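*Asks:* Following this message is one structure expressed as structure tokens.
The values are calculated or read from the model by the stated rules, or taken from the named source; none is laboratory data. Fair warning: this is a prediction, and the values are worked out from it, not measured in the lab. Every residue, glycine as well, gets a Cβ built from its backbone with ideal geometry; the counts of neighbours run over all protein chains shown. To get the accessible areas, we keep the full protein, side chains included, count just its heavy atoms, and leave off ligands, DNA and RNA. Shrake-Rupley method; radii C 1.70, N 1.55, O 1.52, S 1.80 Å.
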Amino acid sequence: MLVETINGMYINGQWIGPENNKVIEVFNPATFEKIAEIPNGNGEDAKKAIQSAKNAFPGWAEKTARERSQFLYKAYQLMMDRKEKLAKILTMEQGKSLNEARGEIEFAASFLLWNAEEAVRVYGEMIPASKKNKRLWVVPQPIGVVAAITPWNFPSAMITRKVAPAIASGCTVVLKPAEQTPLSAIEIVRIFEEVGLPDGVINLVTGDPVEIGEELMKSSDVRLITFTGSTEVGKTLMRGSALNVKKLALELGGHAPLLVFEDADLDLAAEQAVLSKFRNCGQTCICTNRIYVHESVKDRFMQKLQEKVSNLKLGNGLDEGTDIGPLIDENGLRKVKDQVKDAISKGAEVKFGGNQWYGPGGYFYEPTILSNVTNDMKIMFQETFGPVVPVQSFTNMEEVIDAANDTNYGLAAFLFTNDLNRAITVMEKLEYGIVGINDVFPGTAEAPFGGVKESGLGREGGPEGIKEFLEMKYVSLAVKDTNY
Ligand code: ADP
């Protein structure tokens, strides 16, 4: 296959190719095939991109909300028109099945649409003053230059989830996508270019995350870093941003528990557990990481779970009928193997799978179910990011709530029950930013997505999501008595 070298950086409306042949190679994780080379940008490129975003900011912030909104509408339409092409690129660089990739493109486009609609509704506030002669109000204003650092697991949706509200609210952007999946980012920026977004409003820097990250943290021109990725890198960004008290919006790791109560619809619970766990080969921050099932229904639930998992088809995401693609890279595969080995050495029983799969090459691992798991096993407290699920049983509600909350993470938790009172009680006690009740797909453009504890800061989606990109200027006006 011909490997394309792409002018993949976009700064001030210009596409830039690799300098001195310094490239990042992009591979298809299903086949190990090299599919593209993109520029290996560095700190200097990040500086130029920040300057470009800084120059573009006043003009962009000054536009009316309606004008900004129009660009997002057009970008939405173009993205939907190109769904098939974008989905293919996504699958090739990321590995997920084409069906899932199509779903991701629709999800990505939904952020463009929703923020196009919300751009014109970024309202301020009048405050009733305690003094007669005072008038108090709050004026929302864009925060300024925003750095968006995005992950590889949703290479399109995590970009629009950040860039759309930034653009809607009048901010300008330096985007740094994950080095594994830059091609989707390049396609999205091409869309913005084609709809005529003014130069400098979006800039794209690909390359060395540490060098580029340093520049983004160091620069006092960057007023917000919005990041999705590991808790470890999130902490690095927090430390670096302390230097100039930069605002942060962080969507970090998770370790989602899924609770199945004795009155639950077990077919639904098993079906949703499989969707939640094995979607994107388990590489989703709200993926179920551990299942707790009531002792009285454990055997029936396990049987249903095993049946459904045995129907999943591993393979190249481009092939029709594939349910599960590969892991993203060697590190991802190693982590999964290590967690399974650790669990087995401590007494876990493999109910299904448990091995690497060598199919078409690539970083494949069989969908795997573990039982007899104990809390000292890594898989019960380390994020797995792979297609393995441990199942533990419980006998009472308080015990399972404690177990679910016994983690430093707090992104999403799921519970299955048909008892309304139980659903509400458990929901209220779960220390998570997101709770799914009989539902494992809470992510949507109109709702606030985000975590508590070490799962992050801030929210993405909904009006709360736009607020991350705004400063609330408080204005106090004293009115003089006049004799008009
Ligand atoms: P994962 O471990 O799942 O790959 P990361 O948190 O390492 O997740 O990556 C998420 C994003 O953060 C990617 O775009 C990656 O390039 C970027 N990144 C990694 N390290 C740093 C860093 N030190 N500074 C800034 N960005 C980084």
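*Asks:* Filter segment 191-215 down to residues that are under 21 Å from the mean Cα position of the chain (by Cα), closer than 21 Å to GLU25 by Cα and in a helix (DSSP H, G or I) and give me whichever is farthest from the ligand (Cβ to nearest atom).
*Replies:* Filtering segment 191-215 for residues that are under 21 Å from the mean Cα position of the chain (by Cα), closer than 21 Å to GLU25 by Cα and in a helix (DSSP H, G or I), the one farthest from the ligand (Cβ to nearest atom) comes out as ILE212.
*Asks:* To continue, here is another question. Just a yes or no: is a residue in segment 132-151 open to solvent by 60 Å² or more (accessible area, probe 1.4 Å) and either free of Cβ contacts under 8 Å to residues at least 40 places away in the same chain or not assigned by TED's automatic domain parsing to the domain that holds GLU93 (or both)?
*Replies:* So the first thing to find is which residues in segment 132-151 are open to solvent by 60 Å² or more (accessible area, probe 1.4 Å), and the list is 132-135, 137, 141.
With the extra rule that they be either free of Cβ contacts under 8 Å to residues at least 40 places away in the same chain or not assigned by TED's automatic domain parsing to the domain that holds GLU93 (or both), the set shrinks to 132.
Yes, segment 132-151 has at least one match.
*Asks:* Any idea which of PHE57, PHE111, PHE32 is within 23 Å of the chain's Cα centre (by Cα) and not assigned by TED's automatic domain parsing to the domain that holds ASP319?
*Replies:* Going through PHE57, PHE111, PHE32 in turn, just one is within 23 Å of the chain's Cα centre (by Cα) and not assigned by TED's automatic domain parsing to the domain that holds ASP319: PHE111.
*Asks:* Of a type outside the set (A, V, I, L, M) and modelled with pLDDT under 95: which single residue out of GLY347, GLY361, GLY386 fits that description?
*Replies:* GLY361
*Asks:* Could you tell me which of the residues ALA269, ALA264 is out of contact with any Pro (no Cβ under 8 Å at 6 or more places or on another chain) and open to solvent by less than 10 Å² (accessible area, probe 1.4 Å)? It would help to see each step written out before you state the result.
*Replies:* On the way: ALA264 fails: open to solvent by less than 10 Å² (accessible area, probe 1.4 Å).
The conditions single out ALA269.
*Asks:* Something else now. Of the conditions (1) over 26 Å from ILE437 (Cβ atoms); (2) in contact (Cβ under 8 Å) with a residue 60 or more places away in the chain; (3) assigned to a strand (DSSP E or B); (4) not aliphatic (A, V, I, L, M), GLY362 satisfies every one except a single condition; which number is it?
*Replies:* The single condition GLY362 does not satisfy is (3).
*Asks:* Filter segment 231-243 down to the residues that are open to solvent by 30 Å² or more (accessible area, probe 1.4 Å) and more than 7 Å from the ligand (Cβ to nearest atom) and list them by number. Don't jump to the end; show me each part of the working.
*Replies:* So the first thing to find is which residues in segment 231-243 are open to solvent by 30 Å² or more (accessible area, probe 1.4 Å), and the list is 232-233, 235-236, 238-239, 242-243.
Hits for segment 231-243 are LYS235, MET238, ARG239, ALA242, LEU243.
*Asks:* From the list GLN272, GLN339, GLN303, which one is in a helix (DSSP H, G or I) and free of Cβ contacts under 8 Å to residues at least 24 places away in the same chain? Full working, then the answer.
*Replies:* Numbers: GLN272 fails: free of Cβ contacts under 8 Å to residues at least 24 places away in the same chain; GLN339 fails: free of Cβ contacts under 8 Å to residues at least 24 places away in the same chain.
Exactly one of GLN272, GLN339, GLN303 is in a helix (DSSP H, G or I) and free of Cβ contacts under 8 Å to residues at least 24 places away in the same chain, namely GLN303.
*Asks:* Any chance segment 106-120 includes a residue that's surrounded by fewer than 24 Cβ atoms within 10 Å (Cβ to Cβ) and assigned to a loop (DSSP other than H, G, I, E, B)?
*Replies:* For segment 106-120, residues surrounded by fewer than 24 Cβ atoms within 10 Å (Cβ to Cβ) and assigned to a loop (DSSP other than H, G, I, E, B): absent.
*Asks:* Specify which of the listed residues (GLU117, GLU104, GLU84, GLU179) is within 14 Å of the ligand (Cβ to nearest atom) and charged (D, E, K, R).
*Replies:* On the way: GLU117 fails: within 14 Å of the ligand (Cβ to nearest atom); GLU104 fails: within 14 Å of the ligand (Cβ to nearest atom); GLU84 fails: within 14 Å of the ligand (Cβ to nearest atom).
That would be GLU179, the only listed residue that is within 14 Å of the ligand (Cβ to nearest atom) and charged (D, E, K, R).
*Asks:* Run down ALA423, ALA404, ALA412 and say which single residue is among the aliphatic types (A, V, I, L, M), over 30 Å from LYS88 (Cα atoms) and crowded, with 24+ Cβ neighbours inside 10 Å.
*Replies:* Details: ALA423 fails: crowded, with 24+ Cβ neighbours inside 10 Å; ALA412 fails: over 30 Å from LYS88 (Cα atoms).
That would be ALA404, the only listed residue that is among the aliphatic types (A, V, I, L, M), over 30 Å from LYS88 (Cα atoms) and crowded, with 24+ Cβ neighbours inside 10 Å.
*Asks:* While we're here: Could you say whether any residue in segment 216-230 is part of a loop (DSSP other than H, G, I, E, B), more than 16 Å from the ligand (Cβ to nearest atom), open to solvent by 10 Å² or more (accessible area, probe 1.4 Å) and in contact with a Lys or Arg (Cβ under 7 Å, 6 or more places away or on another chain)?
*Replies:* The initial filter retains those residues of segment 216-230 that are part of a loop (DSSP other than H, G, I, E, B), namely 219-221, 229-230.
Restricting the remaining residues to those that are more than 16 Å from the ligand (Cβ to nearest atom) gives 220-221.
Those still in the list that are open to solvent by 10 Å² or more (accessible area, probe 1.4 Å) too: 220-221.
From what's left, in contact with a Lys or Arg (Cβ under 7 Å, 6 or more places away or on another chain): 221.
Checking segment 216-230: at least one residue is part of a loop (DSSP other than H, G, I, E, B), more than 16 Å from the ligand (Cβ to nearest atom), open to solvent by 10 Å² or more (accessible area, probe 1.4 Å) and in contact with a Lys or Arg (Cβ under 7 Å, 6 or more places away or on another chain).
*Asks:* Here is a further query. Taking ILE188, is it within 16 Å of the ligand (Cβ to nearest atom) and either assigned to a loop (DSSP other than H, G, I, E, B) or of a type in the set (Val, Ile, Thr) (or both)? Even if it seems obvious, please write down each step before you answer.
*Replies:* Working: within 16 Å of the ligand (Cβ to nearest atom): yes; either assigned to a loop (DSSP other than H, G, I, E, B) or of a type in the set (Val, Ile, Thr) (or both): yes.
Considered against the rule, which asks whether it is within 16 Å of the ligand (Cβ to nearest atom) and either assigned to a loop (DSSP other than H, G, I, E, B) or of a type in the set (Val, Ile, Thr) (or both), ILE188 comes out as yes.
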